[in-house]
Structures are given as C-alpha cells and as structure tokens.
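Okay, so here's the structure we're looking at.
The values are calculated or read from the model by the stated rules, or taken from the named source; none is laboratory data. Worth saying up front: this structure is predicted, and the values here are computed from it rather than measured. FYI the Cβ positions are ideal-geometry reconstructions off the backbone, even for glycines, and counts take in every protein chain you see. Surface accessibility is based on the protein's heavy atoms, side chains included, excluding ligands, DNA and RNA. Shrake-Rupley method; radii C 1.70, N 1.55, O 1.52, S 1.80 Å.
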Amino acid sequence: QVQLVESGGGLVQAGGSLRLSCAASGRTFSTYAMGWFRQAPGKEREFLAAIHWNGYVKYYAESVKSRFTISRDNAKNTVWLQMNSLKPEDTAVYYCAANSRGAFREDGLYPYWGQGTQVTVSS
C-alpha cells in the first residue's frame with residue numbers, strides 16, 4: 001500500500017506556472033505507476049498525465065500535453081507535475097494517484113489517491 005500527499009497548489013495569474021509535488025510513503029514507490037488528475041467544480045475527474053514506474057513511458061491528455069510535464073524521482077519517492085502557461089480553465093483540485101499495474105488514463109484503475117491540492121488561476 002502507498003500513501004500520497006500532494007503539495008504546491010495555490011493562486012497564480014493566467015500565463016504563470018506551478019509545480020505540483022506528490023510525496024509517497026513506503027519502500028515500494030518505484031514499483032508504482034503514477035498519474036495526475038484534476039476535478040473542477042461540477043465536472044468529472046479528468047486525466048492529465050501518467051508515468052510508468054521507470055519514468056521513461058509517459059502519457060498526456062491532449063488538452064495539456066504542450067503545457068504540462070510529469071516526472072518522478074524514485075529515490076525521493078516523489079512525482080511532479082510542472083504546469084506552464086496556466087489558464088483560468090485549469091482551475092481545479094489536482095490529485096495524484098498510484099497503481100501497481102501500469103500507467104493508465106482511467107481513474108478507476110488507480111486504487112491509491114492523495115487528498116488533492118487546489119490550483120486557482122486568475123484571469
């Protein structure tokens with residue numbers, strides 16, 4: 001089992017950048033694929049990016065692939081989401097998630113979730 005804690009959210013102006021962090025507990029972090037999702041008020045949870053356990057295979061949603069970058073450091077038990085050129089429509093609660101089977105786009109395939117961090121982008 002793995003426990004996840006996100007940080008790095010906040011208020012930023014449109015066009016700005018944020019880097020979200022997700023710290024994982026446990027000695028098996030390197031065996032988990034990690035994903036980032038977000039959920040805006042009144043909307044369904046949305047896939048953003050996922051990274052394989054080895055860090056070499058990455059997937060992105062089309063809506064963010066030119067602006068967001070996912071990365072990880074297994075020695076630090078951490079995965080990051082670098083977000084650039086932020087827009088007001090990026091405002092949401094951002095979640096990281098883990099699963100031991102692979103880097104999937106479907107949120108239902110991730111059994112472990114963090115509590116989320118709020119990102120607000122002002123216009």
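Taking Gly55, Gly15, Gly108 as the candidate residues, the one with maximal mean-square fluctuation in a Gaussian network model of the chain, Cα springs under 10 Å, is Gly108. Figure legend: label point modelled 7 angstrom from the Cα of Ser85 along Cα→Cβ; residues of the stretch 1-24 with amide N under 12 Å from it are 15-16. Compactness of the stretch 1-65, taken as the C-alpha radius of gyration over 2.2 N^0.38 Å, stands at 1.26. In the chain, the portion of solvent-accessible area held by carbon and sulfur atoms comes to 47 percent [1.4 Å probe, whole percent, DNA, RNA and ligands not counted]. Ordered from largest to smallest accessible area (heavy atoms of protein chains, 1.4 Å probe), the residues Lys76, Lys58 come out as Lys76, Lys58. Residue-wise HN-Hα couplings along the stretch 48-64, as the Karplus relation 6.51 cos²θ - 1.76 cosθ + 1.60 with θ = phi - 60° gives them from phi, are 10, 7, 9, 9, 5, 4, 8, x, 8, 9, 9, 10, 9, 6, 4, 5, 10 Hz; Gly and Pro carry x.
Applying the Karplus relation 6.51 cos²θ - 1.76 cosθ + 1.60 with θ = phi - 60° to the stretch 66-76 yields 3J(HN,Hα) values of 8, 10, 10, 9, 9, 8, 8, 9, 5, 5, 9 Hz, where x marks Gly and Pro. For the chain, the Cβ-based charge dipole about the Cα centre amounts to some 260 debye (Lys, Arg positive; Asp, Glu negative; other atoms uncharged). Computed from the C-alpha gyration tensor, the three semi-axes of the ellipsoid equivalent to the chain are 23, 14, 13 Å, from longest to shortest.
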